[in-house]
1. Listed residues A:Val195, A:Val163; which is touching a helix residue (DSSP H, G or I) at 6+ places or on another chain (Cβ under 7 Å), in a helix (DSSP H, G or I) and facing another protein chain (nearest Cβ under 10 Å)?
2. State yes or no: is B:Pro176 on the phi < 0 side of the Ramachandran plot, surrounded by fewer than 24 Cβ atoms within 10 Å (Cβ to Cβ) and either in contact (Cβ under 8 Å) with a residue 40 or more places away in the chain or facing chain A (nearest Cβ under 7 Å) (or both)?
3. Suppose the filter is crowded, with 24+ Cβ neighbours inside 10 Å and closer than 16 Å to C:His41 by Cβ; does B:Tyr169 pass it?
4. Answer yes if at least one residue in the stretch B:119-130 is more than 9 Å from chain A (Cβ to nearest Cβ), acidic (Asp, Glu) and either under 21 Å from B:Phe79 (Cα atoms) or assigned to a loop (DSSP other than H, G, I, E, B) (or both), and no otherwise.
5. Taking only the stretch C:121-157 into account, find how many residues are out of contact with any strand residue (DSSP E or B) (no Cβ under 6 Å at 6 or more places or on another chain), at pLDDT 85 or above and either small (Gly, Ala, Ser) or in a helix (DSSP H, G or I) (or both).
6. Tell me yes or no: at least one residue of the stretch B:152-165 is of a type in the set (D, E, K, R), closer than 30 Å to B:Asp91 by Cβ and more than 7 Å from chain A (Cβ to nearest Cβ).
7. Considering only residues of the stretch A:77-109 that are among the small types (Gly, Ala, Ser) and outside any loop (DSSP other than H, G, I, E, B), which is farthest from the other protein chains (Cβ to nearest Cβ)?
8. Looking only at the stretch A:370-381, decide whether some residue is surrounded by 21 or more Cβ atoms within 10 Å (Cβ to Cβ) and more than 21 Å from A:Asp60 (Cβ to Cβ).
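The values are calculated or read from the model by the stated rules, or taken from the named source; none is laboratory data. Please read all numbers here as calculations on a predicted model, not as lab measurements. Counting neighbours? That spans all protein chains shown, and the Cβs are built from the backbone with ideal geometry, glycine included.
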Amino acid sequence: MNPAHKAQLEAALQQVTGFIYPNEAELHWSILVVIYPYITGLVAGAFILASLEKVFKVKDLQPTYRLALLTALAFVFVAPLPLQAHLGHPERAFEIFLTPNPASAMAMFGFVYAWYLMVVLLLEIWFEFREDMVRWRQQSRGLKKLFYWLISLGSRDVSPEAVAFDHKAVYAITILGIPSAFLLHGYVGFIFGSVKANPFWSSVLMPIVFLFSAIVSGISLVLILYYVTTLIRRKTLDQKCLNALAAFLFYALIIDLSLELLDFIHRLYESEESIEILAELIFSKLFISLAIVQILLGTIGPLLLLAFALFTGLPNELKRLAFFIAAIFIQVGIFSTRWNVVIGGQLFSKSFRGLTAYKLELGGQEGLLAALGLLILPFVILYVLLKLLPPWDDARTSDTKPLEG
Amino acid sequence: MPKNYERREFLADLVKFPCATLLLGVSGPIKALASAGDEYQASEHHYAMGVQIEKCIGCGKCVEACKIENDVPMEPYYFRTWIERYIIYADGEVSVDSPNGGIDGFPPIESEKAILRTFFVPKLCNHCENPPCVQVCPVGATFKTQDGVILVDDDYCIGCRYCIQACPYGARFLDPRTHTAGKCTFCYHRITDGLLPACVEICPTQARIFGELDKLSTPLNRMMRQSNIQVLKAHMNTEPKVFYSDLDGEVR
Amino acid sequence: MKSGKIPNQVLQVGLVFLIVGATMILVRQRFIPESFGELGHYRADAVEVNASHEIQFAGWQACAECHDDVVATKNSSFHRTLSCETCHGPAAEHAREEAEEDPPLPTGKELCLTCHRYLVSRPTGFPQIIEDRHEPAKACHSCHDPHDPVPSERPESCAGCHATISRVIAVSHHAPLDCEVCHEAEPEHFLRPRAHLPRKPFERDFCGNCHAAGIETPANFRGVDLTALDIPKIEQDTHGGTLLCWQCHYQHSPEAR
């Protein structure tokens, strides 16, 4: 047995309060499993934001449509990595495609993921960018030309009829994509919500709560990215777009908070067998990450800030800054939400008689550095995507500007 | 170990439990006898375990035997079976402990408070008829055999640990050497060879009774006829096949 | 692109999806383990793998094949429920005559104390000792034969075995009463408890000796002076109908008034 692992378990055992089953000293789903729902939430949220523009015709959001799609794509590439890295046998992960257990919620992961990546995101992006890709190919040379030829799958037809078909296809895929995005993240919620052995997770509301927190996190991420990329590109921010983003963020956050409160009140009112240990958990080990970070800093604070910025006559510069700050706090809050669900749900014994501890390592396969790496990776991918498939209006091929990021 | 072992064990049981001889008219056990000695037929068995709380002395011999028999890591974080000690004080406080799974027995109680009830509870995988761990395994690496035992396929388990999360009893762990799920197998290698599980073999007070669920006149059935039977966390609807007699309501 | 025709780009995308999909299905067929699904949603071979683990504990019947005399002694003693390997450790190798050394002969006290050290949680009646007070200088086996252990002398108090009851009664209204007041035990009970069960009260009149109205509190009830006690009195003819006293009152801890 690996000495570092042994030392970690010894330390965990020291911090146990009350009684835990002897096998419960080891906490099994680490920070990597926190990152997984965090990232899929961003994917689903960004996609749903994109679909607001396409399906629900919220024209104000147009400047963020393509950015949101590419954001979703960048993050969806990374989504399975933390799971893969967390497996005891990563090299056997493919078995989930070979012999998926039809009774298992987790077995569906591969299929939900493949469906969402292949059928929804890649297809929608392909149709959305096809016309541009064809033209970018015509304008570039060498390797770049080859690349665009490859990803456009050799497509050449940019006749108005073909482009019109692209638009119809994008619309149809988006309509298909909304339930798919709901499926992708609601499904992640189901993985937790269906564990009847764990009263902290086991809740029919779990998929819905996951979904709305996903929408919140996706919108706020795109807001942050739109803000930052526009500033870096030294362009002007579209205030209407930011207002719309902030308004949607505000309403989604209200729904998210209401659902969380409903869940909380429901548990408190039903007051089942597990209520005492869960109360102890929340007031001791989870107090900072739940009450302070998730609720106060991550939800109530941003709500007030957004409300203040949206509904008072604040100058636009301050408004934008307020939106940006609120979005940052929301990201911290949502990460904290994922932490509280995944880690918090494992900090109490299933005997309901004691609490255990989780010590985050710095290095190692499941350490903080690996986690940070996985959180940074989607931004690197996004950077590359933005270079290759610039989503900005000024990079559109109807504009004759040369292609430079 | 001779293959016709089961017959000998059965005959030994007959001697030990004279009332069983009266019931020999029932055809089930005779058929089982007839098949003994042939190759093991999983479909002819349906295993379960009885645990008599009132007999457990908390010596921890079962925990030790299990670790030796099944090559379970000796570190105090991995147990296929373990013993819990419950102390219910007169003021209503409930204290539970299981130092190192009870493998070295238990220290005397320090508290001076008046005790209402106190007892030991051996725990292990319940080999549920309706196992949540099997339900959640994404690849089919843990499964219920034809004879009703929940096993892990070490060569196929991907180590996702969903089964560990899904088990309400804390009966599973991740083996640090194989990085696959570990759990009680009812000593599958022993029972298919006609032996008893190591914990049952070694228990000095016969607090554990192993046997067939669907056959009459077995020690297990005798216990289940004559005792008040409880299972752990019945509300989970997992239908455990480890049956406890005189189980206290405080046990979770 | 003409109307009514499938657009070019759909054909291109469709082709890619077809290739990817077909590859995945083919690869899947190739890699599914052979025995998977034979018996259920698992590798049937895994059952065999589980069944082929090496046996460590041979079982007492294996010991009996050579050590039949010791096993016979043990099997008719208080230790009949023990397996040989409970004390001597795993002996499958020894039984197969492959082991280089014999199974250990436990000599210290610790093994005996693992079961027989006094712990309040152990079941009532299970023989237990407090090691500091019970022949601290002697080895267990100098008085008790581990294959046929008997108490070398009569236990000093009933609490030695009936700990739960003695704890309960000690804090009850019946604390002044010795066990013998209600239970007459033959001396043999202390050596062969199950073979010589003590007597228990079986009629209302027994409790009436103290609790019936009009009966004077005995100054010498089987050797105990009870006059100092404020004993509750009842009309024996009407109180409780035909019920026996202990159907409502727990005699080892009768409820307060």
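1. After applying the criteria, what remains is A:Val163.
2. Working: on the phi < 0 side of the Ramachandran plot: yes; surrounded by fewer than 24 Cβ atoms within 10 Å (Cβ to Cβ): yes; either in contact (Cβ under 8 Å) with a residue 40 or more places away in the chain or facing chain A (nearest Cβ under 7 Å) (or both): yes.
Criteria met by B:Pro176.
3. Numbers: crowded, with 24+ Cβ neighbours inside 10 Å: yes; closer than 16 Å to C:His41 by Cβ: no.
No: the conditions fail for B:Tyr169.
4. yes
5. 5
6. Within the stretch B:152-165, the subset of a type in the set (D, E, K, R) is B:153-155, B:161.
After this cut, where a residue has to be closer than 30 Å to B:Asp91 by Cβ as well, the list is none.
No - not one qualifying residue is present in the stretch B:152-165.
7. Filtering the stretch A:77-109 for residues among the small types (Gly, Ala, Ser) gives A:79, A:85, A:88, A:93, A:103-105, A:107.
Those still in the list that are outside any loop (DSSP other than H, G, I, E, B) too: A:85, A:107.
Numbers: A:Ala85: 11, A:Ala107: 4 Å.
Across the stretch A:77-109, the extreme among qualifying residues is A:Ala85.
8. Of the residues in the stretch A:370-381, the ones surrounded by 21 or more Cβ atoms within 10 Å (Cβ to Cβ) are A:370, A:378.
Next cut, more than 21 Å from A:Asp60 (Cβ to Cβ) only: A:370, A:378.
Within the stretch A:370-381, one or more residues are surrounded by 21 or more Cβ atoms within 10 Å (Cβ to Cβ) and more than 21 Å from A:Asp60 (Cβ to Cβ).
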